[in-house]
């Protein structure tokens with residue numbers, strides 16, 4: 001192929017003109033690039049493939065990097081799909097908020113302490129907050145002590161999701177929590193959830209404060225500075 005391209009470019013050009021075609025508009029060039037990519041994927045040798053990409057790019061005026069990406073996406077469709085999936089945000093199934101929900105589902109007796117501390121107000125993950133708040137409401141509305149399998153039945157009534165499915169699996173396993181340490185454990189978990197919330201709030205305030213300083217908005221700077229001081233005071237009281 002390398003010799004063919006170097007010594008008889010007219011043959012390659014003839015193929016490009018007759019089989020791939022060209023055009024002047026953006027759409028025509030795009031369609032030509034797709035046709036070229038379809039053919040190029042059949043060239044097994046990497047060097048020959050890159051030479052043909054280079055010639056098509058020069059002949060049709062198509063950006064070489066764009067053509068390479070199109071060829072690569074056709075050669076490795078599975079890899080592209082996995083890369084796209086890996087960029088999707090994954091729902092948290094471990095972490096502070098998830099662990100606190102797990103604890104209060106294993107031991108509903110800690111729910112009153114969670115209500116008193118207003119712990120659910122400090123959840124950052126919306127779905128976990130919804131699950132946790134729904135369970136808190138469920139326990140609070142119960143007129144008698146809950147049955148051992150109540151938390152599992154509750155989860156079955158929710159829409160399927162990674163956190164819900166993971167919680168259901170955990171409820172069938174041996175509990176990682178000890179009833180003897182429920183009080184200090186729940187208190188520590190609540191404190192960590194709150195600290196995480198304050199950390200995120202301070203980060204957001206700091207970013208807004210920098211933007212206000214950059215734009216010269218002194219009234220906003222003053223307001224945000226006071227808000228940051230308030231958050232710092234509240235955090236110290238945890």
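A compact table of results
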item	result
By average C-beta atoms within 10 angstrom, highest first, the peptides 51-63, 199-211	51-63, 199-211
Proxy reagent accessibility, fewest Cβ within 10 Å first, across 138, 102, 72	72, 138, 102
Förster radius 35 Å - calculated FRET efficiency between residue 215 and residue 177, Cβ distance, rounded to 0.05	0.10
Pair residue 223, residue 58: separation of 7 Å Cα→Cβ label points (nm)	6.1
Fewest-first ranking of 154, 172, using other Cβ atoms within 10 Å as the exposure measure	172, 154
Cα centroid of the range 163-183 to Cα centroid of the range 30-70, whole Å	55
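Values in this text are rule-based calculations from the coordinates and carry no lab data. If you're wondering where the values come from, they're calculated on a predicted model, not measured in any experiment. Virtual Cβ from ideal backbone geometry, glycine too; neighbours counted across all protein chains shown.
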